[in-house]
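To start, the structure itself, in structure tokens.
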Amino acid sequence: MMIERLGRRAVLRNGTLVLATGTLSSTALFSDALFADDDRAGLRVGLVTDLHYADKPPAGTRHYRETLVKLAEAAAEFRRQQIDVLVELGDLIDAAETVETEQRYLATVNREFSAICDDRHYVLGNHCVDTLKKDEFLGAVGQSKSYYSFDRNGFHFVVLDSCFRADGQPYGRKNFHWTDANVPQEELDWLASDLAATDNRTIVLAHQRLDVSNNHGVKNNADVRRILEASGNVLAVFQGHSHQNDLKEIGGIHYCTLVAMVEGAGEENNGYSTMEIRQDGTIRVRGFRNQASREFV
Ligand SMILES: [Zn+2]
């Protein structure tokens, strides 16, 4: 069953007061009673993706500096909702001229991000490891691995890393083309054994898309999907990279693509969400600003 609910944009379209005043909190306008706050989920996860933070002027639709203000709004909402887990789905930073400058961008945005929640997880995006190498990015954010799994409240989470070239070399320091995204055999083997070892219902977290075969898709995503479907426990995949809302269902698994925080100027062009997983397996994504809300079972 898949029900697509009205997102923040639709609410704003009918409620111009928030755009006019800019003083109401984002939550004040959210009218969907299904997301009552006293109705605690099995688990509540804060989700952001494609922040592309950089201290540089806008380019096209990407407003790099505004990410800090947008992230502050998301942080206030995540604190209000008392999220259990915080996930960043990749492209936390955008490219800098030098490694030192890039490390400064990362330190700046991670100072804000890391203050939101102790239980936080970083998915590597291609922009995270454009200027930096993987160990430099991971070292700066305090995460030991680029792909791994963890359990919370009886749910299993898998963080994937698709930042590998077709020849298996890890991305880093401008050694790749962004469309050449792959999950190498070693990671596929790990994924299969990791999923075989759990009976918990599972959520997969990825940057590049596992549900499309265009430039935004992982090249061998059919191999990944085969493993996810074989497990029988995977409820959903959350991903970013293409910067637009999308939701597909393939082989009984929902692939929910989240909107990019960096896209567009002004607070109205923010995008972030909280995702509730209930013990009955229902997943509800409560989207803010340009992020669509979703509910699926
Ligand atoms: Zn991006």
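Can you pull the Rg over Rh of segment 230-297, Cα-only, Kirkwood?
Rg divided by Rh gives 1.02.
With only alpha-carbon atoms in the gyration tensor, what are the semi-axes of the equivalent ellipsoid for the chain, in Å, largest first?
Here the semi-axes work out to 27, 25, 17 Å.
Using +1 on the beta carbon of Lys and Arg, -1 on that of Asp and Glu, and nothing else charged, what's the dipole of the chain about the Cα centre, debye to 20?
Dipole size: approximately 500 debye.
Got a sec? Charge dipole of the chain, +1 on Cβ for Lys and Arg, -1 for Asp and Glu; which of PRO57, THR131, SER162 is way out at the positive end?
Going by the Cα projections, it comes out as PRO57.
Given the options GLN244, PHE150, ASN233, identify the residue whose Cα lies farthest towards the positive end of the charge dipole of the chain (+1 on Cβ of Lys, Arg; -1 on Cβ of Asp, Glu).
My answer, from the dipole projection, is GLN244.
Roughly what % antiparallel, to the nearest 5, for the DSSP beta bridges in the chain?
The antiparallel fraction comes to roughly 60 percent.
Quick one: net charge of THR131's neighbours, Cβ under 15 Å, K/R +1, D/E -1?
Once positives and negatives cancel, what remains is -3.
Rounded to the nearest percent, how much of the accessible area of the chain (1.4 Å probe, protein heavy atoms only) is carbon and sulfur?
Working: 5640 of 11850 Å².
Of all accessible area on the chain, carbon and sulfur atoms account for 48 percent.
Go through 158-168, 53-63 and give me the packing order, highest mean Cβ count within 10 Å leading.
158-168, 53-63
When the Karplus curve 6.51 cos²θ - 1.76 cosθ + 1.60 is applied with θ = phi - 60°, which whole-Hz ³J(HN,Hα) does each residue of segment 114-126 get, with x for Gly and Pro?
6, 7, 6, 7, 6, 8, 10, 9, 10, 8, 6, x, 4
Given a 1.4 angstrom probe, what's the average accessible area per residue across the chain, in square angstrom?
Per residue, the chain has an accessible area of 40 Å².
Most mobile of THR98, THR282, THR49 per a Gaussian network model of the chain (Cα springs, under 10 Å)?
Result: THR98 has the largest fluctuation of those listed.
The values are calculated or read from the model by the stated rules, or taken from the named source; none is laboratory data. All figures in this text were calculated on a predicted structure; none of them were measured in a lab. Ideal geometry is used to build each Cβ from the backbone, glycine not excepted, and the neighbour counts take in all protein chains shown. Only protein heavy atoms, including side chains, enter the accessible area calculation; ligands, DNA and RNA are left aside. Shrake-Rupley method; radii C 1.70, N 1.55, O 1.52, S 1.80 Å.
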